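**Q** The structure under discussion is supplied below as structure tokens; questions concerning it will follow.
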2 protein chains.
Amino acid sequence: MLRLTKKADYGLMALKYLAEHPDSVSVSAKDIADTYGIPPQLLAKVLQRLTKVGLLRSHAGMNGGYELSRAARTISAFEVIHAIDGPLFITSCTKGSKSCELEPSCTIKEPLARVNESIAGVLKSISIHDMAEDESTPGRVAEQPLVMLTSS
Amino acid sequence: MLRLTKKADYGLMALKYLAEHPDSVSVSAKDIADTYGIPPQLLAKVLQRLTKVGLLRSHAGMNGGYELSRAARTISAFEVIHAIDGPLFITSCTKGSKSCELEPSCTIKEPLARVNESIAGVLKSISIHDMAEDESTPGRVAEQPLVMLTSS
DNA sequence: TGAACTGCGACAAAAATAGTCCTATACTGA
DNA sequence: TCAGTATAGGACTATTTTTGTCGCAGTTCA
């Protein structure tokens, strides 16, 4: 639950790849799909979408492909996920103005909306560049006690 | 995307309801389902699950129902969601020890695992009691620096 | 021109969610 | 002790979302 879709995963992987290969003028969807072993056509769609929202620049034809349209440092995971998975989040019924259908209830939503924002904040605070840096670099995300509850 | 399942929603709503009615010794699944207009049988299952993990106490028979097994203040949204939706999170392939299938790639996962922890932290920081308090009360979520992933 | 690309719409397949049905068991009170 | 109200839970079906495929059109370049 609370899982990223694979498309979003793929998108992040691809952007990370691009961030790690700034030398290549442009990389094709197939190249990336091959290196990661993911369905080329699916990745293609994801990249097309990212191009559409302006995170990537594409050019067709031989030796064509994609490149980041901005510095990796300025692209947040949030933007990528949002572009791919849509206007996100948490509660099932926070769709704009329309409140929770007939249910006058759903008071749960307000508190969760705040949680929602926190999560968005987390996602906004991490950039593609952050993800691309050497794994040895200590992550600077909150170091709180994270105790994963063991499942039953 | 990154959406809670309805079951989790229902569970949170139910716990909130229980937190708001400490006077009632025990509330039936049907009562809660009726007030929120959600499928009774489905809610029943959710409550059964929450009982199983120890968040609720149940008793059958007439005037039976459920009650919180601990103070609302000590029950986090994380626990509830975890109980219902399972051992959570973000990336599709963070299933214990087994790494990302054949893909040697998936380097995306590590940075995201950190984001993951941040989100878990957010969820752990909000309690059922927090959700049940008057809407006007400022939520205490998001105030802390939750994540600092600064690269800049 | 043709090979290697992107762009896109329409599907199809698979998986996860949501919800229902049915039966068993437990407790209560008259 | 029996009827009514509840929980417990397995098996199923339905619905929705996600994932992946196909085919074709447009682009670029050698």
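**Q** I'm checking my understanding of the structure. Among residues of region A:82-101 that are modelled with pLDDT under 95 and open to solvent by less than 20 Å² (accessible area, probe 1.4 Å), which one is farthest from DNA strand D (Cβ to nearest atom)?
**A** So, considering only residues that are modelled with pLDDT under 95 and open to solvent by less than 20 Å² (accessible area, probe 1.4 Å), the one farthest from DNA strand D (Cβ to nearest atom) is A:C100.
**Q** Ok, one more. Does B:D9 meet the test of being modelled with pLDDT of 95 or more, acidic (D, E) and within 23 Å of A:P111 (Cα to Cα)? Outline the logic, then answer.
**A** Numbers: modelled with pLDDT of 95 or more: no; acidic (D, E): yes; within 23 Å of A:P111 (Cα to Cα): yes.
Criteria not met by B:D9.
**Q** If you don't mind, another one. I'm trying to understand the selection: among the residues of region A:34-55, which are more than 13 Å from DNA strand D (Cβ to nearest atom) and open to solvent by 100 Å² or more (accessible area, probe 1.4 Å)?
**A** A:K52
**Q** Return the total of residues in region B:5-52 being more than 12 Å from every other protein chain (Cβ to nearest Cβ) and within 11 Å of DNA strand C (Cβ to nearest atom).
**A** 11
**Q** If a residue has to be under 27 Å from B:R3 (Cβ atoms) and at pLDDT 95 or above to count, how many in region A:34-52 make the cut? Quick ask: steps written out before the conclusion?
**A** As a first pass, look at region A:34-52 and keep what is under 27 Å from B:R3 (Cβ atoms): A:36, A:38-39, A:41-52.
Restricting the remaining residues to those that are at pLDDT 95 or above gives A:39, A:41-52.
Summing the residues that are under 27 Å from B:R3 (Cβ atoms) and at pLDDT 95 or above in region A:34-52 gives 13.
**Q** With the condition kept exactly as written, say whether any residue in region B:56-70 is open to solvent by 60 Å² or more (accessible area, probe 1.4 Å), free of Cβ contacts under 8 Å to residues at least 24 places away in the same chain and under 20 Å from B:D130 (Cα atoms).
**A** Yes, there is a match, as at least one residue in region B:56-70 is open to solvent by 60 Å² or more (accessible area, probe 1.4 Å), free of Cβ contacts under 8 Å to residues at least 24 places away in the same chain and under 20 Å from B:D130 (Cα atoms).
**Q** While we're looking at this one, here's another question. Output the residues belonging to region B:11-33 that are of a type in the set (S, T, Y) and either crowded, with 24+ Cβ neighbours inside 10 Å or outside any helix (DSSP H, G or I) (or both). Break it down into steps so the answer makes sense when it comes.
**A** First, pick out the residues of region B:11-33 that are of a type in the set (S, T, Y): B:17, B:24, B:26, B:28.
Of everything in region B:11-33, those that are of a type in the set (S, T, Y) and either crowded, with 24+ Cβ neighbours inside 10 Å or outside any helix (DSSP H, G or I) (or both) turn out to be B:S24, B:S26, B:S28.
The values are calculated or read from the model by the stated rules, or taken from the named source; none is laboratory data. Because the structure is predicted, anything quoted here is derived from the model rather than measured. Note that we place each Cβ from the backbone using ideal geometry, even for glycine, and neighbour counts take in every protein chain shown. What goes into the accessible areas is simple: the full protein's heavy atoms, side chains included, and nothing from ligands, DNA or RNA. Shrake-Rupley method; radii C 1.70, N 1.55, O 1.52, S 1.80 Å.
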